[in-house]
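In what follows, a structure is listed as structure tokens, so that the remarks can point back to it.
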Amino acid sequence: MRTTSRCRAAARMIAAIGVVSLVAACSGSGGAPTGGGATSAGYPDQNITFVVPFSAGGPTDTVTRMIAEPMAAKLGTKIVVQNVEGAGGTVGAGEVARAEPDGYTVLMHHIGMSTAPALYQNLGYKPLENFEMIGLVTEVPMTIVARKDFEPKTLQDLVTYVKANAGKVTLANAGIGAASHLCGLLFQTAAGVKLQEVPYEGTGPALTDLVGGQVDFMCDQTTNTSGQISAGEVKAYAVTTPERVKSLPDLPTTAEAGLPKLQVSVWHGLYVPAGTPQEVVQKLSEALKTALADQKVIDQMAKLGTAPVPAENATPQAHRAKLQEQLGTWAKVIADAGVKAS
Ligand code: ASP
């Protein structure tokens, strides 16, 4: 990040975790932290911040924290995870787009990177131009889940129920362009209904409200919902991938449950600001590959219904190709649905 945003980030972190010594790094003239700069020599010689554009405790945050530790070990530094929530992930992404291109500010983002340009008129960044891609991380199935005592018992029941009660049913999401929003959009299109949507800054807090009965249902990644599904704290209708998820073997696919067009999985990737030196990009990409081959990461992901991408996809080239393809795909879906954020 530029000095000011890096200091704002540090200030937020200080507030969140009470680390007083960080104040020194931002006080005085300019407040530049020591070392680093936009050169790659000696990289990394200070902590790296991983920005998660959604709430702590949600699925994007969970995946980020899984890989941060082995990446930090490989890079020989500390990685600090910072949540910069808002507007379906676009606030955090914008902050990283404007950060210093020195490899010390890294963004973890998901499919939302490819949907935002079609949804937000004043986005303030261009995904392909304002970022360097580090590599893909994982592709996570989504689940359709409801509060435990929600009446519909199956996905077909859910469709019938929401059609009959469209005015009173609430659908949670993590803001416009978030994966939960897109999946909800696909659900409403498939069901031919328009529902009342309740936006959160991440699906971590949305799931808490779902368990508490404050909202009726939502779509969210298995990396957030698996625990509550297995514990019976939420009602689960289906998984949105062509195959069932091994860790949730009883959950039917949307195709099996009667909505074959409702297919979506949530790909994630790491980004740094455009202009970051290529050696730094390569170092981060190598560290990502190492993390994705880590048995602990593989096991944690498997427990939550997902897996690391193959090593050849944890590269800037594969990531850029995926983003390019997804920008086109979602621009069409969003135009067809006639949705806009503002
Ligand atoms: N799963 C969320 C989404 O709907 C984001 C999050 O909270 O990680 O995109």
Problem set entry | Percent carbon-and-sulfur accessible area, the chain, ignoring ligands, DNA and RNA, probe 1.4 Å | 54 percent
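Is the stretch 258-342 rounded, prolate or oblate when judged by the Cα gyration tensor, a ≥ b ≥ c being the square roots of its eigenvalues, rounded requiring a/c under 1.5 and prolate requiring a/b larger than b/c?
Details: a/c = 2.80, a/b = 1.33, b/c = 2.11.
It comes out oblate by the Cα gyration axes.
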Seminar exercise, completed: Whole-Hz Karplus couplings 3J(HN,Hα) for the stretch 158-168, θ = phi - 60° and coefficients 6.51, -1.76, 1.60, Gly and Pro as x, run 4, 4, 4, 5, 5, 5, 6, 10, 3, x, 10
Exercise. Full extension from Glu279 to Lys148: what is 0.36 nm times the residue separation minus their Cα-Cα distance, to one decimal in nm?
Worked result: 42.2 nm
Exercise. So which lysines pass the test for Lys78, namely a Cα distance under 23 Å, with those fewer than 8 places away in the same chain ruled out?
Worked result: Lys283, Lys289, Lys296
Problem set entry | 5 Å-binned pair-distance histogram of the stretch 295-342 (Cα, whole percent) | 5, 17, 14, 14, 16, 15, 13, 5, 2
Seminar exercise, completed: Over all viewing directions the Cα convex hull of the stretch 198-263 casts an average projected area in nm² of 4.6 nm²
Exercise. Taking the stretch 102-208 as the region of interest, what is the percent of Cα-Cα pairs per 5 angstrom bin, listed from the shortest bin to the one with the maximum distance?
Worked result: 2, 10, 18, 21, 18, 13, 8, 5, 4, 1, 0
Exercise. Which distance in nm do the two modelled labels at Leu128 and Lys296 give, with both placed 7 Å along the Cα-to-Cβ direction?
Worked result: 3.9 nm
Exercise. Which percentage, to the nearest 5, of the DSSP beta bridges contained in the chain is antiparallel?
Worked result: 60 percent
Exercise. Tell me, how many Å apart are the Cα centres for the stretch 162-194 and for the stretch 316-340?
Worked result: 20 Å
For this session: Pick out, in residue order, every one of the trypsin sites (Lys or Arg not before Pro) in the stretch 108-185 that is DSSP loop and has at most 14 other C-beta atoms within 10 Å; say none if there are none.
Result: Lys148, Lys153, Lys168
Problem set entry | Phi-based couplings in Hz for the stretch 80-94 (Karplus 6.51, -1.76, 1.60; Gly and Pro marked x) | 9, 8, 10, 9, 10, 7, x, 6, x, x, 7, 5, x, 5, x
Seminar exercise, completed: A chain fully extended from Glu325 to Ala311 at 0.36 nm per residue, minus the present Cα-Cα distance, gains in nm 3.1 nm
Exercise. Calculated FRET efficiency, Lys303 and Lys261, Cβ-Cβ r, R0 25 Å, to nearest 0.05?
Worked result: 0.30
Problem set entry | Nearby aspartates and glutamates by direct alpha-carbon distance to Lys163 (threshold 15 angstrom, same-chain neighbours under 8 apart not counted) | Glu151, Glu197, Asp216
Problem set entry | Where the chain is the region considered: accessible area per residue in Å², 1.4 Å probe | 40 Å²
Problem set entry | For the stretch 287-299, 3J(HN,Hα) per residue [Karplus equation, 6.51 cos²θ - 1.76 cosθ + 1.60, θ = phi - 60°, Hz, x = Gly/Pro] | 5, 4, 4, 4, 4, 6, 8, 6, 4, 5, 5, 4, 5
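Write down the Kirkwood hydrodynamic radius of the chain, to one decimal in angstroms, obtained as one divided by the mean of 1/r over all alpha carbon pairs.
Result for the chain, one decimal place: 20.4 Å.
The values are calculated or read from the model by the stated rules, or taken from the named source; none is laboratory data. Treat the numbers as computed from the prediction; the structure is a model and nothing was measured. Cβ sites come from the backbone with ideal geometry, for glycine too, and all protein chains shown count toward neighbours. Quick note on the areas: whole protein, heavy atoms, side chains included, nothing else; ligands and nucleic acids left out. Shrake-Rupley method; radii C 1.70, N 1.55, O 1.52, S 1.80 Å.
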